[in-house]
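The values are calculated or read from the model by the stated rules, or taken from the named source; none is laboratory data. Note that the coordinates shown come from a computational prediction; the quantities given were computed from them, not determined experimentally. Note: ideal-geometry Cβ built from the backbone for every residue, glycine included; neighbour counts use all protein chains shown.
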Amino acid sequence: MTISPSLSPDCGNCFALCCTALGFARSADFAIEKPAASPCPNMADDFSCSIHNRLRPRGFRGCTVFDCFGAGQVVSQHIFAGTSWTQDPSSKSSMFAVFKVVRQLHEMLWYLAEARQRTFDPELAAAADYLSEGLAASAQGDAITVLAADVESLHGEVRALLMEVSEDARASYGAEGRQTPDGGLQAGADLMGADLANQRLCGADLRGAYLIGANLKNSDLTAVDLLGADLRGARLHNADLSKALYLTQPQINAAEGNPNTLLPPRLTKPDHW
């Protein structure tokens, strides 16, 4: 049986792959423009970040939001056996390409682990286990195995299962009957800056919704589907997200909150809260 990889980043055992493989444009999240497959100028020789404790004030908020779901150390220490791209420059393009795929595989594993825990249906639980086995095997293979993964098809399979689990988990809250007349509380809704404070939103489907700058203070988001929802700048002070569906660390890192914000056990409160 394939052993499930750790889905939490271990930056000390990574060759700064998020700071090199990925590119970003100058914006409110990044103070400079950096092409993909190039090292960030703030990267030190030992692959650490020279401004790690000052990223936000220096204009690199995007770096504090990112999470590789543990892909960095797997690629660095397992797939490439601890030999960095600086030690073996010929591995650079392959390592960076593998990292991008493994991160996606690990993110899907993250979601499946929650689906497995939240479902009441033994068949859905078995399906989650089956998909997880395949994803973990691909993520722990060699570079050729990783790059051969049909990521698009896997995304489709995982998404279908996540949606089915979500529908079952939300059904008991009668969320459909509480939709606003204009359909505001629905998947993909534009709720940027919306005032949703002090509300019981339990069971709502906000998958892929734009919640940028939304006010969710003191609200109960139990069983709210937040798969892919954009929470940049969302105000989560005193909100209860402890049993929200498909919430990830990058989403929380991009939001605002306080010590009284309740999060699922797998997530941690960001330093800027």
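Here are some notes:
- Residue match in segment 213-235 (condition: in a loop (DSSP other than H, G, I, E, B), over 21 Å from the mean Cα position of the chain (by Cα) and within 21 Å of Ser172 (Cα to Cα)): yes
- Within segment 29-54, the set of residues being touching a Lys or Arg at 6+ places or on another chain (Cβ under 7 Å) and farther than 26 Å from Met108 by Cα comprises Ala31, Ile32, Glu33, Cys40, Ile51.
- Qualifying residue in segment 152-172 (condition: within 22 Å of Phe80 (Cα to Cα), buried (at least 20 other Cβ atoms within 10 Å of the Cβ) and under 17 Å from the mean Cα position of the chain (by Cα)): no
- For Ser166: the one exception among (1) in a helix (DSSP H, G or I); (2) farther than 22 Å from Gln249 by Cα: (2)
- All conditions in (1) touching a residue at least 60 places away in the same chain (Cβ under 8 Å); (2) touching a strand residue (DSSP E or B) at 6+ places or on another chain (Cβ under 6 Å); (3) surrounded by fewer than 17 Cβ atoms within 10 Å (Cβ to Cβ) hold for Ala197, with the sole exception of (1).
- Any chance Ala36 is within 22 Å of Ala148 (Cβ to Cβ), among the hydrophobic types (A, V, I, L, M, F, W, C), at pLDDT 95 or above and not assigned by TED's automatic domain parsing to the domain that holds Gln140: yes
- Condition check for Gly156: modelled with pLDDT of 95 or more, closer than 20 Å to Leu124 by Cα and not assigned by TED's automatic domain parsing to the domain that holds Asn260: yes
- Within segment 262-273, not a single residue is under 27 Å from Arg103 (Cα atoms) and buried (at least 23 other Cβ atoms within 10 Å of the Cβ).
- Residue list for segment 13-50, filter: in contact with a helix residue (DSSP H, G or I) (Cβ under 6 Å, 6 or more places away or on another chain) and touching a residue at least 40 places away in the same chain (Cβ under 8 Å): Asn13, Cys14, Phe15, Leu17, Ala21, Ala37
- Selection count, segment 13-46, where residues are surrounded by 15 or more Cβ atoms within 10 Å (Cβ to Cβ), in contact with a Pro (Cβ under 9 Å, 6 or more places away or on another chain) and part of a loop (DSSP other than H, G, I, E, B): 2
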